[in-house]
Amino acid sequence: VEQWGGDGRDHSAEVEEWDRGKWEHDGPVGGRAVRDRMPDRRIVFHAHALFAPGGERLNTGVSEQWSVHAWEFESDLYTDLPVRWHTTRRPGQEVEAQVRGTDKDAIAAVFAEACAQAVDRARDPSKYGDSDGW
């Protein structure tokens, strides 16, 4: 509770013990609602790049890598893997590469691969099924 409050959150925190009946009636559905230990506070590393159609890099003036502190319960799929990445075509035809995870070295290693796929996707949208409706 003290550490959560020290993060400068807009929401207060307190410890409250619930019996089984209260969990069944008032507890959240799905996810990891019931814990058998205190959650970990982790650093989640991010990397991001944006490419124009044709493959030209767009976000060259901003930091491409950063990190944030997160509690493992903040999102079930946010703090659980050393690295995960994907590329996405935005509505304006730009393609972005996004990498995140808890292993800084893995993020750096995979970022080049994600960027290469994003450039390829920007140059050849039909290869990735992006040509319909774009």
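Spin-label point model (7 Å from Cα, Cβ direction): what's the Arg20 to Glu56 distance in nm?
Here the modelled spin labels are 6.5 nm apart.
Quick one: grab the alpha carbon gyration tensor of region 39-128, order the square roots of its eigenvalues as a ≥ b ≥ c, and give me rounded if a/c is under 1.5, else prolate or oblate depending on whether a/b is larger than b/c. The partial results should precede the final answer.
On the way: a/c = 2.37, a/b = 2.12, b/c = 1.12.
Prolate is the answer for region 39-128, as a/c is 1.5 or above and a/b outweighs b/c.
Bear in mind that the values in this text are calculations on the coordinates, not laboratory data. Computed from a predicted model, the values in this text were never measured in an experiment. Note that we place each Cβ from the backbone using ideal geometry, even for glycine, and neighbour counts take in every protein chain shown.
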